[in-house]
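Step one of this worksheet: look at the structure below.
The values are calculated or read from the model by the stated rules, or taken from the named source; none is laboratory data. The structure displayed is predicted, hence computed values, not measured ones. Heads up, the Cβs are rebuilt from the backbone with ideal geometry, glycines too, and the neighbour counts pull from every protein chain shown.
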């Protein structure tokens, strides 16, 4: 994991984003936020096991489907299986080591 800080690369309302192998944070202080970093590590694991391109493709398609369903960008984002897995497990600092392969599938 390579952590970068750049407030201009993040959409409004987001403190961090993962683009394997990078985690981009909105400001320097978030480097000390174990929950945010763990959330982003979960995404890095998802991206690696889906060979990046399939992760981004699936993420985009699922967001589109959820947006049509909820008609709200935030609700669509929060209901993407990758995000549901990351938010549900971000407090478990051992989750990345113990998660099952393609663990996001149970959040579909």
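Annotations
- Matching residues in the range 49-75 - criterion: being farther than 20 Å from residue 19 by Cβ and in contact with a helix residue (DSSP H, G or I) (Cβ under 6 Å, 6 or more places away or on another chain): 66, 67, 70
- Top-ranked residue in the range 1-13 [being in contact with a helix residue (DSSP H, G or I) (Cβ under 9 Å, 6 or more places away or on another chain) and at pLDDT below 95; ranked as nearest to residue 94 (Cα to Cα)]: 1
- Residues (on the phi > 0 side of the Ramachandran plot and in contact (Cβ under 8 Å) with a residue 24 or more places away in the chain) located in the range 63-108: 102
- The set of residues from the range 8-20 being surrounded by 11 or more Cβ atoms within 10 Å (Cβ to Cβ) and farther than 19 Å from residue 74 by Cα comprises 19, 20.
- Residue among 54, 101, 30 that alone is at pLDDT 95 or above and surrounded by 15 or more Cβ atoms within 10 Å (Cβ to Cβ): 30
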